[in-house]
Structures are given as C-alpha cells and as structure tokens.
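Here the structure is laid out as structure tokens; the discussion comes afterwards.
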Amino acid sequence: MRATVGIFDSGVGGLSVAEALHRLAPSLPIHYLADTSFFPYGDRSAAEIQERTVLMVRRLVEEGANVIVIACNTATSAGLERVRAEFDVPIIGMEPPVKPAVERSQSGRVLVLATAGTISGQRLARLTERHSGDADVVTIPMPGLADMVESGEIEGPRIEAMLGAVLHGPVAEGADQVALGCTHYAFLRPVLQRILPPHVELVDAGDPVARRTLHVIAEAGLEVDLGGPEVEALCYATGDVTAFESTVDRLRAAGAALPPLRISRPVA
Ligand code: DGL
C-alpha cells in the first residue's frame, strides 16, 4: 500500500515540517491540515488541545492518511499519548530539540523557545531532565510570537525587537544554542541568524522529524515512489481559507521555504 502522510498543526507552522518531508520525498502525497479556527494552541489548556488533536488525527485518517505527523510541539505535548492509544496508524510527534542542542553546546548553556503550553507541559520537563546532563537548559515562553508568524510576519523591526529582548541577555552570558520548540519559529531562522552572533546555533527539529517519518513509513511496510513525479501537498484549514491563503502568500513573498501547495476550498 502507498504511504499518504497526514500532517497537522494549529496553522502554518507545520508547513516547515511538510517542506522538509517534501524535500526528501517530492512524490510522497501529503495532506496538511491547519487548525486555524483554534489557533493559537499555545495559549489554550492541555485538555482543550488534546481534544483538537484527536479531531485532527481523525479527520486526516478519514481523508486517507495512513501515517500522521503532529507538526506541532504544543499538540504533541498535550495529545500524543492519547492519539497513539486511540488510532491504529503510526503517529510521529514533535518535541523541542533539547537533546541535539545540549550535545552541540560548547558552553553548556542552551535556550529553548516554545509556546507557554509546551513549556508548562510534563513532556518538556521530562525531556529536559533526561537530556540536560550538566548543561543549563533555559526555557523561554514566547507568547504572541507564533501569532506574528501566523499573520505572515517573519521579518522586520517588531520581530527583531521581540526576539532581541529575550535572547541578547542570555547569549551575552554564554548561551550558544537556541532550540526552536515551536514549528512556527522555523520560519524565523533568517531573522534569528541576523540578530544573533555567528557562533550561536539554531536547532530545529523539522529535518529529523522528516527523516524519522520516512523511517516509520518503511517500518510500517508502506511504499513511497521515490522516483515518481513531484506532487503538491493538499492543504485544508478549519478556519477562514482566504486568510490562510494570504498568510501562505505573505510567507512566500518574505522568502519562507514552503512546499508546493494546493489549498482546498470547502465546497459551498
Ligand atoms: N506550531 C505550534 C507548535 O509547534 C504552536 C503554535 C500555536 O501556539 O498554535 O507548538
């Protein structure tokens, strides 16, 4: 049976993961679901996000996905265990890349940027406890940052000021790794590279999750026609499709790497 990957996020953030997967396997069918009517997940309760996670996985499975990627750290934190127990398809989650950031750090000082929901969750606490070793891992909640990305704002003075305000102090004190713990923040790589000194590394989980997805597909015995023609990812949004389309256009115009997309409009 051919693999069809269902990816979801609260909005455009998971498109950074879809892009990484498309780059590795351009012929792999991807269904992308943006739960824009419930965006942002980061400010909601874990119980509420868990219910949305169940709904989103169900919808993707009903649309024909046989492998699911939760391209959202916040939804993974709140809902991964529940959906793995409820659905009979392989489900890959997304966690802030604390482990690789700690391994790469020379100074032993690591910063993790994430939503309030991810930072208050048990999952990140466990992950940090397991992988921090002697390193000092500092989590920084970024309320409002995913909202800016979701409106297509990934460059400019407002974003620079917001990031500079939280990063310049800890970097001056020695932090040399910034782990991106929200898929929306992957689109901020260019601005982060500009405002941070060159020795500070940005660690993103998009590529490792894309590689893991191909591995899981192979383990499940599903096929990918790696030499086949490139396909567009089919996108759905639970909220206003026109707003979603214009965010995607703004991201493209600002230079964000996105996979080729076909945005589905609900039939009237
Ligand atoms: N993209 C989501 C994540 O990775 C969060 C954005 C939101 O707050 O909805 O955590």
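Just so you know, all these numbers are worked out from the coordinates, no wet-lab data involved. Because the structure is a prediction, the values reported are computed rather than measured. Glycine also receives a Cβ, built like all others from the backbone with ideal geometry; neighbour counts cover every protein chain displayed.
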Would a scan of segment 151-165 turn up a residue that is within 25 Å of residue 72 (Cα to Cα), surrounded by fewer than 17 Cβ atoms within 10 Å (Cβ to Cβ) and either polar (S, T, N, Q) or touching a Leu at 6+ places or on another chain (Cβ under 6 Å) (or both)? yes
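Yes/no matrix, rows are residues, columns are (1) more than 17 Å from residue 94 (Cα to Cα); (2) more than 11 Å from the ligand (Cβ to nearest atom); (3) over 16 Å from the mean Cα position of the chain (by Cα):
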{"residue": "12", "(1), (2), (3)": "no, no, no"}
{"residue": "15", "(1), (2), (3)": "no, no, no"}
{"residue": "28", "(1), (2), (3)": "yes, yes, yes"}
{"residue": "33", "(1), (2), (3)": "no, yes, no"}
{"residue": "45", "(1), (2), (3)": "yes, yes, yes"}
{"residue": "50", "(1), (2), (3)": "no, yes, yes"}
Hits in segment 174-205 (condition: closer than 14 Å to residue 137 by Cβ and away from the ligand (no atom under 16 Å from the Cβ)): 174, 175, 176, 177
Every pair of residues 6+ apart whose Cβ atoms lie under 7 Å, when the first sits in segment 216-229 and is closer than 17 Å to residue 64 by Cβ while the second is of a type in the set (D, E, K, R): 222/2; 223/2
Exactly one condition in (1) within 16 Å of the ligand (Cβ to nearest atom); (2) touching a strand residue (DSSP E or B) at 6+ places or on another chain (Cβ under 6 Å); (3) over 25 Å from residue 167 (Cα atoms) is not met by residue 67; state its number. (1)
Residue 103 passes all but one of (1) in contact (Cβ under 8 Å) with a residue 24 or more places away in the chain; (2) surrounded by fewer than 24 Cβ atoms within 10 Å (Cβ to Cβ); (3) under 15 Å from residue 204 (Cβ atoms); which number fails? (1)
Kindly evaluate residue 119 against the criterion of being within 14 Å of the ligand (Cβ to nearest atom), part of a strand (DSSP E or B) and closer than 22 Å to residue 75 by Cβ. no
